[in-house]
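Read through the structure below, which is laid out as structure tokens, and then see the notes.
The values are calculated or read from the model by the stated rules, or taken from the named source; none is laboratory data. The structure displayed is predicted, hence computed values, not measured ones. Cβ atoms come from the backbone with ideal geometry, glycine included; neighbour counts cover every protein chain shown. For accessibility, only protein heavy atoms count, side chains too; no ligands or nucleic acids. Shrake-Rupley method; radii C 1.70, N 1.55, O 1.52, S 1.80 Å.
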Amino acid sequence: MRIVLVGPPGAGKGTQAAFLAKNLSIPHISTGDLFRANISQGTPLGRQAQEFMRAGQLVPDEVTIGMAIDRMSQPDAAKGFLLDGFPRNLAQAKALDEYLHGADLRLNAVLDLEAPEAEVVRRIAGRRICRNDSSHVFHVTGRPPKTAGVCDECGGELYQREDDSEETVRKRLEVYHSETEPITDFYKAQDLVVTIPALGKVGEVTQRAMDALADRSG
Ligand code: AMP
């Protein structure tokens with residue numbers, strides 16, 4: 001299956017993507033994770049992306065589209081993939097369409113995670129992520145680790161993303177509304193959008209998503 005995950009920052013895209021990709025046996029492709037990996041390795045691409053990420057802005061399309069398509073073209077993505085955080089604007093959505101069309105492929109669904117603004121801000125403010133694996137996500141009150149600052153799953157160090165500060169989150173939400181939300185209409189016109197509420201327990205949301213995707217595999 002080829003799935004695009006959309007939703008505001010803090011809707012739980014990364015968490016859900018990890019579970020869904022595992023259930024569906026497809027790679028989880030997160031452009032945010034790819035950028036962060038490049039930043040920690042000090043690559044030229046990472047240096048290009050860093051200032052935009054710090055400011056809560058989108059990394060320019062010239063950098064992002066090539067990186068995403070390159071990742072989708074890897075052998076492990078031949079049978080499908082789950083895109084998390086890409087596309088994030090109309091130009092990226094059109095570039096993805098073009099790439100898929102050229103390869104005679106198509107998307108099965110665009111899964112839209114819906115969450116109220118107050119909830120996403122609360123989630124992001126308390127979010128702590130494992131340095132070893134970004135799918136190990138905790139929350140200082142909602143899902144506290146057994147030992148503060150230590151990942152329950154692998155013992156890795158937990159940290160707060162630099163762009164999870166309140167000011168940057170506000171900017172990211174603004175960018176989401178102005179740049180990313182319009183892609184939902186683009187995909188609605190292709191009858192690809194399935195919207196699910198992202199509130200409740202992680203497992204419940206995953207189940208809702210699996211149910212919504214069940215009749216989209218053809
Ligand atoms: P995420 O981990 O998906 O929340 O992304 C973190 C940051 O990475 C975003 O705020 C952007 O600065 C950058 N980023 C991730 N994906 C994209 C994309 N598709 N286009 C442009 N910038 C992106």
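Anything in the chain that counts as a DSSP H helix reaching 15 Å or more along its axis (C-alpha) with Kyte-Doolittle mean of at least -0.5? List them, would you?
On the way: long enough: 13-24 (16 Å, -0.01); 44-54 (16 Å, -1.02); 61-72 (16 Å, 0.23); 90-102 (18 Å, -0.19); 202-214 (18 Å, 0.26).
TM-like helix candidates: 13-24, 61-72, 90-102, 202-214.
How long is the gain from Ser165 to Leu90 if the chain were fully straight, where each residue apart is worth 0.36 nm and the alpha carbon distance is subtracted?
Answer, rounded to one decimal: 24.3 nm.
Quick check: pseudo-label points 7 Å beyond the Cα along Cα→Cβ at Glu204 and Ile69, how many nm apart are they?
Distance between label points: 4.2 nm.
Looking at the range 62-218 only, what percent of DSSP beta bridges run antiparallel? Nearest 5 please.
Taking every DSSP beta bridge within the range 62-218, about 60 percent pair in antiparallel fashion.
Cα centroids of the range 112-151 and the range 35-88: how far apart, whole angstrom?
About 22 Å separates the Cα centre of the range 112-151 from the one of the range 35-88.
Carbon and sulfur atoms: what percent of the 1.4 Å accessible area of the chain do they account for?
Heavy-atom surface of the chain belonging to carbon and sulfur, 1.4 Å probe: 50 percent.
If we count every other residue with Cβ under 9 angstrom of Thr195's Cβ, Lys/Arg +1 and Asp/Glu -1, where does the sum land?
Residues close to Thr195 contribute a combined charge of -2.
Lys22: which lysines have alpha carbons under 21 Å from its alpha carbon, excluding same-chain residues fewer than 8 sequence positions away?
Once the sequence-local lysines are set aside, what remains near Lys22 is Lys13, Lys79, Lys201.
Round to the nearest 0.05 the FRET efficiency obtained for Glu174 and Thr195 when R0 = 25 Å and r is the Cβ-Cβ distance.
With a Förster radius of 25 Å, E is 0.70.
Count the net charge of all other residues whose Cβ sits under 11 Å from the Cβ of Pro8, scoring Lys and Arg as +1 and Asp and Glu as -1. Don't jump to the answer; show the numbers that get you there.
Working: positive: Lys13, Arg123, Arg172; negative: Asp112, Glu114, Glu117, Glu119, Glu174, Glu181.
Summing Lys and Arg as +1 and Asp and Glu as -1 gives -3.
Roll a 1.4 Å probe over the protein chains and send me the accessible area per residue for the chain in Å².
50 Å²
What's the FRET efficiency of Ser25 with Tyr99 using the Cβ-Cβ distance as r and R₀ = 22 Å, to the nearest 0.05? Please report the intermediate quantities before stating the final value.
Details: r = 22 Å, r/R0 = 1.00.
The pair Ser25/Tyr99 has a calculated efficiency of 0.50.
Summing +1 for each Lys or Arg and -1 for each Asp or Glu, what net charge is found among the other residues whose Cβ lies under 14 Å from the Cβ of Glu167?
Summing Lys/Arg as +1 and Asp/Glu as -1 gives 0.
At 0.36 nm per residue, minus the direct Cα-Cα distance, what do Gln41 and Ala78 gain on full extension? Give it in nm, one decimal, please.
Separation in residues times 0.36 nm, less the Cα-Cα distance, equals 10.7 nm.
Pairs of Cα atoms under 8 Å, at least six residues apart: use those to get the relative contact order of the range 47-191, whole percent.
Normalised by residue count, the contact order of the range 47-191 is 29 percent.
Mind checking which aspartates and glutamates have their C-alpha under 13 Å from Lys146, skipping anything on the same chain fewer than 8 residues away?
Within the straight-line limit of under 13 Å, Lys146 reaches these aspartates and glutamates: Glu157.
Out of Ala77, Thr141, Ala37, whose Cα points farthest toward the positive end of the dipole of the chain (charges: +1 Lys, Arg; -1 Asp, Glu; placed on Cβ)?
Going by the Cα projections, it comes out as Thr141.
Multiply the residue separation of Asp61 and Thr147 by 0.36 nm, subtract the distance between their alpha-carbon atoms, and state the gained length in nm to one decimal.
Details: separation 86, 0.36 × 86 = 30.96 nm, distance 4.00 nm.
Answer, rounded to one decimal: 27.0 nm.
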